[in-house]
Ligand code: ISL
Ligand code: CA
């Protein structure tokens, strides 16, 4: 079935780093309002806003202290309403972040919960007594390093936190808690939002009895987490959420779901399951993890893996569910630095990468700054990192005796902070983001990498984004068509066909800085080819791709 969220193009804004309207160094809601015409000009149709709720900012808004209030640094509920209205006036929908695996430890529920074992809110969270030896209740590990349990003196028990100590996990076994969440969701839906991006939503159900991972399971990250990821009741909860909160609203949902393959994905997004519309699967962005599934050592990624995974997800969900397509987000390094080239071929690579997103089945997501080819930040010392995840990883690694220089090098590549430096609008001070010192330093390359320059540049990344977005919007085959890989064994390029009622499209993408000869079936040359878009001024030869070249042809 066709619908708006399948045909939509999402732009993700990390409000802290997008645009600062009142010059306190922190991006805010009015800052986004100032840029609404820009979003319309780019051509996107859906905006995903990272959390803007009240929060002490231990994890930049993913630790929420009040779900129904706006973070003071970002503005007021009135500002938020102005934003929603301005978006809707321009035909852009708004997706809000929903963080309900955990709250902040400063949320009223948790403040109550920790008061006593008999407090009415005690069961809103996951409390457990010390183990027999007085230690942690089990061996679960926090995603932000160390044990996932924190001891609370007051009642002599531990609480579970899969993320930071200031992000206690909610207890979804409790029906009262679930009702509160659904009613909070309806509060936002009734304000007129168009959907939710659900943070680590596949972690809300934990194995009853909270068993430890066995030594065997601990050998790989994907099995070490099995008692708290894709848990036994997760589908039951999502179906209930659908019924109690979402049904009746014309909205879209996208669930962030680490550790999910296509088989599991079908359960989350299967057409008739009434759970989620799509998920963020992590298999593609985890392509450079080490063999134990750890993200904090880096393996060079292989194009062959990217091709196989793309095909697996394209074919796996075709006709069954719906994909999401993304190279990055606020948790990932800059896509052009990681999957492309951020030096000699920065412009070509940024354009090639977005061509991939706009020519596959699924809803494409662009992260702020991708449209001007923003790059990773040249971090020099650990003091420059703000992200709790990066800082904790550094401290843990150094405590374990690892070489600090090596850890720093790894973080330069991997850190979430790469995505969180301010948006580069122009070449004035602080890249036009703010007149005050920004909360995160601006990338020193802002004089060469900024929107103002991009608008004028003859080889403009921004204009290519506009063009390829327009192509996507006007070409149902790129949204709904079938997918077929060509020249599978080619080590440098990725070529595929999308086929649908109105036509057949050939997409050719060179992922390297070398020229690449593509081998295509003879039969193709018997047809007329029409070039729809390309990131080079002219085509040298049909089967020869220049460095990071991207082309889309219609084949008649
Ligand atoms: O950041 C990661 C990889 O670099 C992941 O481990 C990430 O923590 C995980 O995908 C969950 O992410 C989401 O929930 C976190 C929050 O810190 C992230 O920003 C958010 O996207 C806890 O709410
Ligand atoms: Ca501000």
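All of the numbers you see were taken from the coordinates with simple rules; none came from a lab. Quantities reported herein were computed from a predicted structural model and do not represent experimental measurements. Note that we place each Cβ from the backbone using ideal geometry, even for glycine, and neighbour counts take in every protein chain shown.
Things worth noting here:
- Separation between Cα centres of region 331-361 and region 1-22, rounded to whole Å: 18
- Sorted by Cβ density within 10 Å, fewest first, the residues 140, 149: 140, 149
- Helix axis angle, 346-358 relative to the chain longest principal axis, alpha carbon, degrees: 80
- Pairwise FRET efficiency - residue 272 versus residue 428, Cβ, R0 = 35 Å, nearest 0.05: 0.10
- Projected over every direction and averaged, the convex hull enclosing the alpha-carbon atoms of region 182-305 yields 9.5 nm².
- The distance from the alpha carbon centre of region 43-68 to that of region 402-417 is 27 Å, rounded to a whole number.
- Burial ordering of 63, 194, fewest other beta-carbon atoms within 10 Å first: 194, 63
- Fully extended contour minus Cα-Cα distance, from residue 455 to residue 66, at 0.36 nm per residue: 136.0 nm
- Cα-based Rg and Dmax for region 367-518, where Dmax is the largest Cα-Cα distance (Å): 20.5, 60
- Burial ordering of 4, 313, fewest other beta-carbon atoms within 10 Å first: 4, 313
- Segment residue 399..residue 344, full-extension length gain: 16.0 nm, with 0.36 nm per residue of separation and the alpha-carbon distance subtracted.
- Label-point separation, residue 34 to residue 525 (7 Å along Cα→Cβ), nm: 5.6
- Förster radius 45 Å - calculated FRET efficiency between residue 88 and residue 153, Cβ distance, rounded to 0.05: 0.35
- Percent RCO, i.e. relative contact order, over region 136-245, from Cα pairs under 8 Å lying at least 6 residues apart: 21
- Relative to the longest principal axis of the Cα atoms of the chain, helix 461-473 runs at roughly 90 degrees.
- Length gained on full extension, residue 128 to residue 306: 59.9 nm, using 0.36 nm per residue less the C-alpha separation.
- Relative contact order of region 404-483, defined on C-alpha pairs under 8 angstrom at six or more residues apart (%): 19
- Residue 437 paired with residue 413, simple spin-label distance in nm, labels 7 Å along Cα-to-beta-carbon: 3.2
- DSSP beta bridges in the chain [antiparallel fraction, %, rounded to 5]: 60
- Equivalent-ellipsoid semi-axes of the chain, from the Cα gyration tensor, Å, largest first: 38, 26, 25
- Pairwise FRET efficiency - residue 4 versus residue 502, Cβ, R0 = 30 Å, nearest 0.05: 0.95
- Cα-based helix-to-principal-axis angle, 388-399 vs the chain, degrees rounded to 10: 70
- The value of relative contact order for the chain, using C-alpha pairs under 8 Å at least six residues apart, is 13 percent.
- Separation between Cα centres of region 447-500 and region 257-271, rounded to whole Å: 26
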